[in-house]
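Here is the structure we will look at, set down as structure tokens.
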Amino acid sequence: TFVDPENCKPSEMEEAVVHENVHHDQMKSGRLGYDRNNVYWKPTTRSHMKTYTRKTMEEGATDLAWEAEAYEESDKVKNT
């Protein structure tokens, strides 16, 4: 994960890396994917893939399931 130091405070750097690494793990396990138009999400590796259109979502919103997982982990770093 590359974090642009001009757009991220040093105190937020580790938090950002942890957050993005959760997304990397989600993609590696086949639970998260995306393209120009959609985000594809599986709550578990055994569940069905759901498609979410990017036009109607607020990217990065904490109420998106894949983001909630990432924020849960990055908040652990943030609160230490």
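The values are calculated or read from the model by the stated rules, or taken from the named source; none is laboratory data. This is a predicted model, so every value here is computed, not measured. No Cβ is skipped: glycine too gets one built from the backbone with ideal geometry, and neighbour counts run over all protein chains shown. Each accessible area value is taken on the protein alone, full model and side chains, heavy atoms only, with ligands, DNA and RNA left out. Shrake-Rupley method; radii C 1.70, N 1.55, O 1.52, S 1.80 Å.
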Restricting the search to segment 7-27, which residues are farther than 16 Å from Gly60 by Cβ and polar (S, T, N, Q)? Ser11
Take the residues in segment 56-70 that are open to solvent by 70 Å² or more (accessible area, probe 1.4 Å) and either outside any helix (DSSP H, G or I) or in contact (Cβ under 8 Å) with a residue 24 or more places away in the chain (or both); name whichever of them is nearest to Arg36 (Cα to Cα). Glu59
Note on segment 22-32: residues out of contact with any Leu (no Cβ under 6 Å at 6 or more places or on another chain), outside any loop (DSSP other than H, G, I, E, B) and surrounded by 15 or more Cβ atoms within 10 Å (Cβ to Cβ) are Val22, His23, Leu32
Being open to solvent by less than 60 Å² (accessible area, probe 1.4 Å), assigned to a loop (DSSP other than H, G, I, E, B) and β-branched (Val, Ile, Thr) narrows it down to one residue among Val17, Val3, Val77, Val39; which is it? Val3
Just a yes or no: is a residue in segment 42-55 over 27 Å from Met13 (Cα atoms), part of a helix (DSSP H, G or I) and at pLDDT 95 or above? yes
